[in-house]
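Presented below is the structure to which this report refers.
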Amino acid sequence: MSRLNFLSALALCLTHSWFIHFPSALGEDRRPERVVTLLPSIAEIALEVGLPEANLVGVSEFTDFPPSLKNKTSIGNYAKPSIERIVGLVPDLVVTDRDSAQPVSEKLEKLKFRVLRVGTASLSDIRQAYHLVADALLRTEAGNDAIHRFDLKIDEIRLRAETRKKKEPRKVRVLLTVNEEPLIVAGGKNFLDDGVALVGAENIYHDSNSAYPRVSVEDVIKRNPDVVLLLDSSTDLVRAERAKKRWLKIPGFRPAKNARVVIVKSDALIRPGPRFPSGLRDLESAIYGPEPIRKPHE
């Protein structure tokens, strides 16, 4: 995934509420048989709550998990999907992020397609998305099971954080970058900020009113983080290493002095869906070290 598309993916997650509208004549007592999803994480949620893969007839660009979804018909970039392709797939349900592709969603509704919009901005939004998607697919029981599995994984992470806190009450102060030029970081009110808190650390830009603010290196130095995490989902290892070296060269910068500048390559961490707990384990390892993370009951 390119850096531009990565940032677009994050931007699409900046929603804190949900809206659902069913304009089609398809009865709510019938399970949708032809589903199109306009966000990679939503496709993963749909499958997790029991939608057969054969019934997922169209997906957005970069929908690549499970890998078999790469072979699905693409409706284009999730920011600007092709309405012609969507209509051509004759879906009886289109699931999208509430704030993404607003004109396309409105056009589909006018054409009497059934549209479900869900939010994925925060951890609570992800859980709510499970409920909404499962209910729309008439797979409520499977949805409840999926949420239970998700919650168990989250609870394990939370328990590990509580255990660490007993040993070391002071929270590790973290800078989580999502882009280097310009410097864009994880601020408050987003699922990455929720994740940092969940693993027991402190996001130094938690107080930002912007979910992904553009900041200066000088301001980062003033905030004095313990560790700098460079979130990177691209395959450009050279660029990531170059960014790491720049941070390590800053005179007197605590993460540089302690060699605590870490590249975090985790696709799961930027997908607010079923794999997000796995991404949080990557985050734990980056913050607290590469030691094997055992489940509390192990």
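Bear in mind these aren't lab numbers, they're just calculated from the coordinates by the rules spelled out. Computed from a predicted structure; not experimentally measured. When we count neighbours, we look across all protein chains shown, and the Cβ atoms used for this are built from the backbone with ideal geometry, even at glycine.
Helical runs (DSSP H, four residues minimum) scored at -39500 (n - 2.57) apiece and divided by the length of the chain put the mean residue ellipticity at 222 nm at -12000 deg cm²/dmol. Please check: in the Gaussian network model of the chain (C-alpha springs, under 10 Å), which one of Arg160, Arg170, Arg275 has the largest mean-square fluctuation. Per the Cα network of the chain with a 10 Å cutoff, Arg170 tops the list.
Between His206 and Asp151, the modelled label-to-label distance comes to 2.4 nm, taking each label 7 Å out from Cα in the direction of the beta carbon. Placing dummy labels 7 Å off each Cα toward the beta-carbon, the span from Ile263 to Lys70 is 2.1 nm.
Is there a quick way to get the dipole size of the chain? I mean about its Cα centre, with the Cβ of Lys and Arg at +1 and of Asp and Glu at -1; what is the value in debye to the nearest 20?
980
Springs between Cα atoms under 10 Å define the GNM used for the chain, and in it the highest mean-square fluctuation of Glu53, Glu84, Glu156 occurs at Glu84. Of the trypsin sites (Lys or Arg not before Pro) in segment 217-273, the ones in a loop by DSSP (not H, G, I, E or B) with at most 12 other beta carbons within 10 Å are Lys249. Under a Gaussian network description of the chain, with springs only between Cα atoms under 10 Å, the residue in Ser68, Ser285, Ser234 that fluctuates furthest is Ser68. Dipole magnitude for segment 31-78: about 140 debye, using +1 per Lys or Arg Cβ and -1 per Asp or Glu Cβ, origin at the Cα centre. When log10 I(q)/I(0) by the Debye sum over Cα atoms at q = 0.08, 0.10, 0.11, 0.13 Å⁻¹ is computed from the coordinates, the matching label among (1) -0.55, -0.67, -0.75, -0.92; (2) -0.55, -0.73, -0.83, -1.05; (3) -0.36, -0.56, -0.67, -0.90 is (3).
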